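Read through the structure below, which is laid out as structure tokens, and then see the notes.
The values are calculated or read from the model by the stated rules, or taken from the named source; none is laboratory data. This is a predicted model, so every value here is computed, not measured. Glycine gets a Cβ as well: all are built from the backbone with ideal geometry, and neighbour counts include every protein chain shown. With ligands, DNA and RNA removed, areas are computed over all heavy atoms of the protein, side chains included. Shrake-Rupley method; radii C 1.70, N 1.55, O 1.52, S 1.80 Å.
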Amino acid sequence: ELAIYYAKNDWRIHCSHRLFPTELALRAELLNRLPPRAKVLDIGCGDGRLLQALPEDYRKFGTELSAGAAESSVEKGIRIVAHEDVVGGVHGDFDAVVMVDVFEHLK
């Protein structure tokens with residue numbers, strides 16, 4: 001069901017050029033807690049808005065079901081990875097794993 005939804009859904013309607021208040025708060029927490037060059041994974045990263053707002057030296061990874069949104073993230077320098085690879089440890093450990101605006105898409 002989710003694959004069909006993401007294949008037909010126009011991901012751009014969920015995009016904003018500004019961070020939402022929850023994302024601003026999360027960004028502030030990450031900046032306070034993480035070291036330079038932190039490795040961050042955003043599950044369901046959308047178009048990469050949150051990861052793009054983090055310091056340039058951070059290593060930014062995302063998972064994203066929407067092909068269009070994933071492509072937009074890649075254009076912003078975010079490495080899109082498969083969920084299965086993350087669970088399987090292919091990419092090693094992360095300093096932080098975040099998930100914003102995803103719960104409403106889960107069964």
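Here is how the numbers come out for the structure above:
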item: Overall form of segment 13-69 per C-alpha gyration tensor (a/c, 1.5; a/b vs b/c); result: oblate
item: Estimated dipole of the chain in Debye, rounded to 20 [Cβ of Lys and Arg +1, of Asp and Glu -1, Cα centre]; result: 240
item: Degrees, to the nearest 10: 21-33 long Cα axis against longest axis of the chain; result: 30
item: Whichever aspartates and glutamates have a C-alpha closer than 12 Å to that of residue 76, once near sequence neighbours (fewer than 8 apart) are set aside; result: 47, 56
item: Highest average packing first - 25-38, 58-71, Cβ atoms within 10 Å; result: 58-71, 25-38
item: Proximal aspartates and glutamates to residue 8, defined as alpha-carbon separation beneath 12 angstrom and excluding residues fewer than eight positions away on the same chain; result: none
item: Per residue, in Å², the accessible surface of segment 27-107 once ligands and nucleic acids are set aside, probe 1.4 Å; result: 57
item: Top of 17, 91, 83 by mean-square fluctuation, Gaussian network on the chain, Cα under 10 Å; result: 17
item: Accessible surface of the chain [probe 1.4 Å, protein heavy atoms]: carbon and sulfur percent; result: 54
